[in-house]
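Novice: Structure in structure tokens, see below.
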Amino acid sequence: MSTATAPVERKRPMTKEERKVILASSAGTIFEWYDFYLYGSLAAIIGAQFFSSFPEATRNVFALLAFAAGFLVRPFGALVFGRLGDLVGRKYTFLITILIMGISTFVVGLLPSYETIGWLAPVTLIALRMLQGLALGGEYGGAVVYVAEHAPNGRRGYFTSWIQTTATLGLLLSLMVILSVRTYVGEDAFKSWGWRIPFLLSIFLLGISVWIRLQMEESPAFKKMKEEGTQSKAPISEAFGNWKNGKFAVIALLGLVAGQAVVWYTGQFYALFYLQTILRVDMFSANVLIAWALILGTGGFVVFGTLSDRIGRKKIILAGCLIAAVTYFPVFKSLTQLANPALNSAQQNTKVIVIADQNDCSFQFNPTGTAKFANSCDVTKALLARSSVNYSVEYSPGAIPAKVKIGDAEIEGYEAKKLTGDDVKAVPAAFTKNVNEALAAAGYPVPGKPTPGIIKLDGFFDIFTAQAFPIVLILTYLVILVTMVYGPIAAALVELFPTRIRYTGMSLPYHIGNGWFGGLMPATAFAMIAQTGDPYYGLWYPIVIAVGTFVIGLIFVPENYKKDIFAEQNSK
């Protein structure tokens, strides 16, 4: 690969054609995130529609598994459509991906329920989710490559940063559509049939996106390569089958994308998970707080993308990883103190100890929701972790069933696998009741009852209070860290690979990093919290990976922001 330095074109304004290129590419990526948040937000309702023959807990698991099916196949979509994009062109490939994605989303809104067509309903739903996942695996890489190969030298960071804003826009769009439809039709109607409307409305976004993309030209870099006859005949094997190119995929994954993924997921997804699950903030308030943070912080994508054209991509991405690793603990502790002061006080002042046989305790890693942890130690720790209790574990041989000491109270657990008859429901209910009563007596907020001092918003603009506004600022800080690592990442990945294998080469590490390193964040964090009893221990997952990316990136990632991708040699 050539490392020719590019002449810089920073001062001229963006042309009308360049704006159309960004708009056409961004529309599909907004669609990607609209679908992502839409299905995730409506998983419980979708479970009731398509998995109604199962108990509520089981149907919710299957709904999330259908969601995960689309998520996990994205790297395969990156390979399929990445190869196609390097063989036939960027424009036509991501035209195909958006059609597959859009039609699949629309059909979900039309799909009959389990009560109407039986088992065909869930099977078709999962098939549609997998089609969406395959399409999404090709959509991002195609959009980024297309924009980057249209961008003038010296402005790739700025141009591609607009693609990076689409995750936020997709989230806001899905939230607005769901809340609007829910308010208009009413809660009961929404659960019955109204949930289909957000899926059906996606057809309009699809139509606009396809219309715009049909008018676009192929990227200049690909046309030049095609005219010179230097296209790759086997992009996958060329990109990953030899160390000369394959090493850049490994470097991209470990030295850039892994850290970017965990910082991105922590700042947006885990922050929302933490507010709702750990701090017990109601759904409306949590979504409003996150939405304001996204609105205030979204400009950072363009700011850091533009800055990366001047000082380099690597410096900004690695700085974001390091700053995140250093500040996560104090930031999330401050969030707890502000959002739920009663819970914070109880965590600091109430001593809770689980006494158990070490062999009775498991590491409760459960990314798909299908694993069953029935030992008394696991049951006890899971209940305390779900209640956001700060506890320690004392291992004592033969301590089966486990016991939990809450202040002066001591409560014996149970072994779920030994329960029969009426005890299957009665014993767990009694144990949960006894634990909750002991926690309440010790000062912990009681689930299902109003918590004194917890943040609660009554409207979208109800953030200008002494409690709410600092929380928004903390969440905005987390989003700014996201923009630091995510704003320049597209340009950085594009510049690592030659034109002949660029689509394939950059797509796979991106989707592995974000799909697996980032996607496993909530499940891994909960397992780490349950294992140790420390509500903040799950933060070690993004911290360790971010520090690892900082070290690997500092040593191995080249700085290519001055590279001329139009003058590069496309030969092997």
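The values are calculated or read from the model by the stated rules, or taken from the named source; none is laboratory data. Just so we're clear, the structure is a prediction, and the values are computed from it rather than from any experiment. Note that each Cβ is placed from the backbone with ideal geometry, even for glycine, and that neighbours are counted across all protein chains shown. Ligands, DNA and RNA are excluded from the accessible area calculation, which covers all protein heavy atoms including side chains. Shrake-Rupley method; radii C 1.70, N 1.55, O 1.52, S 1.80 Å.
Novice: Name the one entry in PHE329, PHE365 that is of a type in the set (Phe, Trp, Tyr), open to solvent by 20 Å² or more (accessible area, probe 1.4 Å), in contact (Cβ under 8 Å) with a residue 40 or more places away in the chain and assigned to a helix (DSSP H, G or I).
Specialist: None of the other options fit; the residue is PHE329.
Novice: Continuing with the same structure: Write out, first by first residue and then by second, each pair whose Cβ atoms fall under 8 Å of each other, whose residues are 6+ apart or on separate chains, and whose first residue, in the stretch 338-361, is under 26 Å from ASP378 (Cβ atoms) while the second is acidic (Asp, Glu) and surrounded by fewer than 21 Cβ atoms within 10 Å (Cβ to Cβ).
Specialist: From residues that are under 26 Å from ASP378 (Cβ atoms), the pairs are ILE353/GLU394; VAL354/GLU394; ILE355/GLU394; ALA356/GLU394.
Novice: Could you go through the stretch 551-562 and let me know if any residue there is of a type in the set (Lys, Arg) and open to solvent by less than 30 Å² (accessible area, probe 1.4 Å).
Specialist: Within the stretch 551-562 (the criterion being of a type in the set (Lys, Arg) and open to solvent by less than 30 Å² (accessible area, probe 1.4 Å)), the answer is no, since none of the residues qualifies.
Novice: Among the listed residues THR298, THR306, THR266, THR327, which satisfies the condition of being hydroxyl-bearing (Ser, Thr, Tyr) and over 21 Å from the mean Cα position of the chain (by Cα)?
Specialist: It is THR306.
Novice: Looking only at the stretch 181-237, how many residues end up being within 25 Å of the chain's Cα centre (by Cα) and hydroxyl-bearing (Ser, Thr, Tyr)?
Specialist: 2
Novice: Moving on to the next point. In the stretch 439-461, how many residues are at pLDDT 85 or above, open to solvent by 50 Å² or more (accessible area, probe 1.4 Å) and over 30 Å from ALA374 (Cβ atoms)?
Specialist: Adding up the residues that qualify gives 4.
Novice: I would also like to ask the following. For the stretch 130-150, which residues satisfy the criterion of being more than 15 Å from ASN514 (Cα to Cα), in contact with a Gly (Cβ under 8 Å, 6 or more places away or on another chain) and open to solvent by less than 10 Å² (accessible area, probe 1.4 Å)?
Specialist: GLN132, ALA135, GLY142, ALA143, VAL145
Novice: Same structure again: Six or more apart or on different chains, Cβ atoms under 6 Å: show the pairs whose first residue is in the stretch 231-243 and closer than 12 Å to GLY82 by Cβ and whose second is surrounded by fewer than 17 Cβ atoms within 10 Å (Cβ to Cβ) and of a type in the set (Gly, Ala, Ser).
Specialist: Hits for this filter: PHE240/GLY246.
Novice: Just the residues that are surrounded by 15 or more Cβ atoms within 10 Å (Cβ to Cβ) and either closer than 23 Å to PRO75 by Cα or among the aliphatic types (A, V, I, L, M) (or both), please, taken from the stretch 107-121.
Specialist: Those that are surrounded by 15 or more Cβ atoms within 10 Å (Cβ to Cβ) and either closer than 23 Å to PRO75 by Cα or among the aliphatic types (A, V, I, L, M) (or both): VAL107, VAL108, LEU111, ALA121.
Novice: OK, next. If ARG313 meets every condition in (1) basic (Lys, Arg); (2) buried (at least 21 other Cβ atoms within 10 Å of the Cβ); (3) within 23 Å of PRO522 (Cα to Cα) apart from one, which number is that one?
Specialist: (3)
Novice: The conditions are (1) in a helix (DSSP H, G or I); (2) under 30 Å from LEU383 (Cβ atoms); (3) of a type in the set (A, V, I, L, M, F, W, C), and ILE455 fails exactly one of them. Which is it?
Specialist: Going through (1) in a helix (DSSP H, G or I); (2) under 30 Å from LEU383 (Cβ atoms); (3) of a type in the set (A, V, I, L, M, F, W, C) one by one, ILE455 breaks only (1).
Every residue, every condition in (1) of a type in the set (Gly, Ala, Ser); (2) out of contact with any Phe, Trp or Tyr (no Cβ under 8 Å at 6 or more places or on another chain); (3) touching a residue at least 12 places away in the same chain (Cβ under 8 Å), yes or no:
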position	(1), (2), (3)
SER507	yes, no, yes
HIS511	no, no, yes
GLY518	yes, no, yes
ALA527	yes, no, yes
ILE545	no, no, yes
GLY553	yes, yes, yes
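Novice: Is there any pair with a first residue in the stretch 449-471 that is farther than 24 Å from LEU439 by Cβ and a second that is open to solvent by less than 60 Å² (accessible area, probe 1.4 Å) and of a type in the set (Phe, Trp, Tyr) whose Cβ atoms are under 8 Å apart and which are 6 or more apart or on different chains, and what are they?
Specialist: ILE463/TRP292
Novice: What pairs come out if I take residues in the stretch 183-196 that are open to solvent by 40 Å² or more (accessible area, probe 1.4 Å) and pair them with residues that are not hydrophobic (A, V, I, L, M, F, W, C) whose C-beta lies under 6 Å away, six or more apart or interchain?
Specialist: Between residues of the stretch 183-196 that are open to solvent by 40 Å² or more (accessible area, probe 1.4 Å) and residues that are not hydrophobic (A, V, I, L, M, F, W, C), the close pairs are ARG196/GLY109.
Novice: Now, a different point. Do you know which residues across the stretch 412-438 are crowded, with 17+ Cβ neighbours inside 10 Å, in contact with a helix residue (DSSP H, G or I) (Cβ under 8 Å, 6 or more places away or on another chain) and within 30 Å of ALA339 (Cα to Cα)?
Specialist: Once the filter is applied, which keeps residues that are crowded, with 17+ Cβ neighbours inside 10 Å, in contact with a helix residue (DSSP H, G or I) (Cβ under 8 Å, 6 or more places away or on another chain) and within 30 Å of ALA339 (Cα to Cα), the stretch 412-438 yields PHE431, VAL435.
Novice: Let me ask you something else. How many residues does the stretch 9-36 contain that are open to solvent by 10 Å² or more (accessible area, probe 1.4 Å), closer than 22 Å to VAL73 by Cα and modelled with pLDDT under 75?
Specialist: Selection size over the stretch 9-36: 1.
Novice: Can you spot a residue in the stretch 387-399 that is part of a helix (DSSP H, G or I) and either in contact with a His (Cβ under 8 Å, 6 or more places away or on another chain) or crowded, with 16+ Cβ neighbours inside 10 Å (or both)?
Specialist: Scanning the stretch 387-399, I find no residue that is part of a helix (DSSP H, G or I) and either in contact with a His (Cβ under 8 Å, 6 or more places away or on another chain) or crowded, with 16+ Cβ neighbours inside 10 Å (or both), so the answer is no.
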